[in-house]
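Asker: Handing you this structure, nothing more for now.
The values are calculated or read from the model by the stated rules, or taken from the named source; none is laboratory data. Since the model is a prediction, treat every value here as computed from it, not as a measurement. Here the Cβ positions follow ideal geometry from the backbone for every residue, glycine too, while neighbour counts run over all protein chains shown. The protein model used for the area step is the full one, side chains on, heavy atoms only, and it has no ligands, DNA or RNA in it. Shrake-Rupley method; radii C 1.70, N 1.55, O 1.52, S 1.80 Å.
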Amino acid sequence: MKKSVKLTASESATQDVYNSLHRYGDIRNVHIPHSAVYYIRSLIYRDTGVKYTLDRVEKAMKAEGWTD
């Protein structure tokens with residue numbers, strides 16, 4: 001039986017975009033993680049019960065050689 005992973009976004013990328021638009025008038029300073037980062041974070045949470053931040057997961061992925 002396949003185990004599925006449900007993706008949830010506790011960090012709101014949409015809200016970050018709107019906040020940047022409000023503060024700076026553009027979205028050039030907004031970093032939205034690759035979808036793989038959300039997926040890996042969900043896998044980690046499913047397997048361990050620990051929910052890391054998107055930033056921490058992305059940094060760990062890059063340290064392991066992942067490229068965007």
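Asker: Every residue in segment 1-27 that is modelled with pLDDT of 75 or more, open to solvent by 90 Å² or more (accessible area, probe 1.4 Å) and either touching a helix residue (DSSP H, G or I) at 6+ places or on another chain (Cβ under 8 Å) or of a type in the set (Ser, Thr, Tyr) (or both), please.
Answerer: Tyr18, Tyr24
Asker: OK, next. Quick check on my filter: what residues within segment 52-63 are loosely packed, with under 14 Cβ neighbours inside 10 Å and over 18 Å from Asp16 (Cα atoms)?
Answerer: Lys59, Lys62, Ala63, listed by residue number.
Asker: For segment 30-55, what are the residues that are assigned to a helix (DSSP H, G or I) and aliphatic (A, V, I, L, M)?
Answerer: Ala36, Val37, Ile40, Leu43, Ile44, Leu54, listed by residue number.
Asker: Being modelled with pLDDT of 85 or more and hydrophobic (A, V, I, L, M, F, W, C): is that true of Val37 here?
Answerer: yes
Asker: Which ones in segment 41-57 are touching a Phe, Trp or Tyr at 6+ places or on another chain (Cβ under 9 Å) and without any contact (Cβ under 8 Å) to a residue 40 or more places away in the chain?
Answerer: Within segment 41-57, Arg41, Ile44, Tyr45, Tyr52, Val57 qualify.
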